[in-house]
1. Each label point is 7 Å from the Cα along the Cα-to-Cβ direction; what then is the distance between the points at T100 and E158, in nm?
2. Given H placed on each backbone N at 1.01 Å, which residues far from M52 in sequence or on other chains put an amide H within less than 5 Å of it?
3. Any idea how far apart H144 and S86 come out in nm if each label point goes 7 Å out from Cα toward Cβ?
4. May I ask you to derive the FRET efficiency for F68 and S168 from their Cβ-Cβ distance with R0 = 22 Å, giving the value to the nearest 0.05?
5. Subtracting the Cα-Cα distance from 0.36 nm times the residue separation, let me have the gained length for T215 to T6 in nm, one decimal.
6. Determine which lysines satisfy two conditions relative to K83: a Cα distance under 30 Å, and not lying fewer than 8 residues away in the same chain.
7. Could you work out how far the C-alpha centroid of the range 188-209 sits from that of the range 74-135, in angstrom?
8. With no solvent and one point per C-alpha, what does the Debye sum give as log10 I(q)/I(0) for the range 39-163 at q = 0.14 Å⁻¹?
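Every read-out reported here was derived from the displayed coordinates using simple, explicitly stated rules and does not represent laboratory data. Here the structure is a predicted model, which is why all the values come from computation and not from measurement. Backbone-built Cβ (ideal geometry, glycine too); neighbour counts: all protein chains shown.
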Amino acid sequence: MTEKTTYTYRVAEQVFSISGDERWLMAASNLAPFRVPNDAYADADRRFAITMQSAESFGAVVGFTHFFTDNNEADMPRIEVYKSESGWLFRVAQVADAPTCCEIRMSKDFRQATLTVLSGTNLSAFRFAIDNAAMLLFAFATAHHGILEMHASVVVHEGKARLFLGHSGTGKSTHARQWLAQYHTAYLLNDDNPILRVDEQGQVWVYGSPWSGKTPCYRNERVPVAAIVQLEQAPQNEIQPLAPTQAYAYMLSSCSGMKVLHEAMDGLHDTISKIVLGVKMLKLRCLPDKAAAELCYNATT
């Protein structure tokens with residue numbers, strides 16, 4: 001049996017560990033900027049721990065009841081969720097119509113998980129499995145700690161961050177690039193899955209994460225949030241404040257975590273409410289041009 005290696009990570013001030021064959025862990029190079037010494041934190045400080053293993057096949061689901069299947073988009077992972085009295089079982093496929101590539105068994109409180117991947121899986125698929133397990137556990141285990149995983153692109157300029165939200169194809173990354181072209185000191189913090197956190201004083205921070213979609217941007221830093229901007233394509237550029245109810249609804253639709261898991265929802269609702277009341281929330285209807293970035297900058301400064 002291959003000896004397991006344990007790596008410890010700190011993302012958005014939340015600590016977790018992953019144990020498994022070192023080759024598998026090294027495949028997840030996006031996690032490397034967030035790695036910390038194993039002895040820097042006690043086990044009690046870890047939000048969750050994942051243990052990896054391999055298997056020849058996935059058998060029938062026994063002892064669990066089907067709870068939910070998320071397969072709304074054909075080119076996105078399919079996630080089958082099963083529930084029992086003692087915990088959760090997630091079966092994940094890389095796209096909606098693909099076979100299951102990994103299985104994640106989680107404790108009821110989301111603090112312990114076993115990640116099983118098929119034997120012979122290539123290292124790229126191991127990275128996919130690790131990323132999905134870690135992202136799911138992170139969303140669930142931190143839901144009651146003032147934290148949100150967001151679907152957003154984040155640009156930092158003059159020491160403040162702007163988050164750009166929008167449905168797939170809206171132009172989040174395109175608008176971020178317009179900022180980088182217009183303001184030469186601006187930089188991209190994350191292009192897909194930044195982390196929002198509300199601290200004890202009510203300050204809202206955004207953190208880089210190991211997950212950044214198709215853009216490899218894994219910055220381990222935090223920045224105060226100047227504004228959160230909902231994007232919408234339009235034939236002209238215009239920006240206006242979002243009403244709190246509108247902002248709340250859009251934040252809820254843009255954060256990660258399965259809304260059907262009621263165990264996590266109370267925490268998400270509380271965090272979203274604090275963010276909506278504590279941060280400038282705007283809607284930008286825009287063209288994909290530098291003028292849109294300038295308009296947004298002026299409205300969020």
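1. 5.3
2. Counting only residues 5 or more places away or on other chains, the set is S19, G20, L115.
3. 2.1
4. Values: r = 21 Å, r/R0 = 0.95.
Once the sixth-power term is evaluated, E becomes 0.60.
5. Values: separation 209, 0.36 × 209 = 75.24 nm, distance 2.70 nm.
Gain in length upon complete extension: 72.5 nm.
6. Once the sequence-local lysines are set aside, what remains near K83 is K4, K108, K259.
7. Centre-to-centre distance over Cα atoms comes out at 25 Å.
8. Result of the Debye calculation: -0.70.
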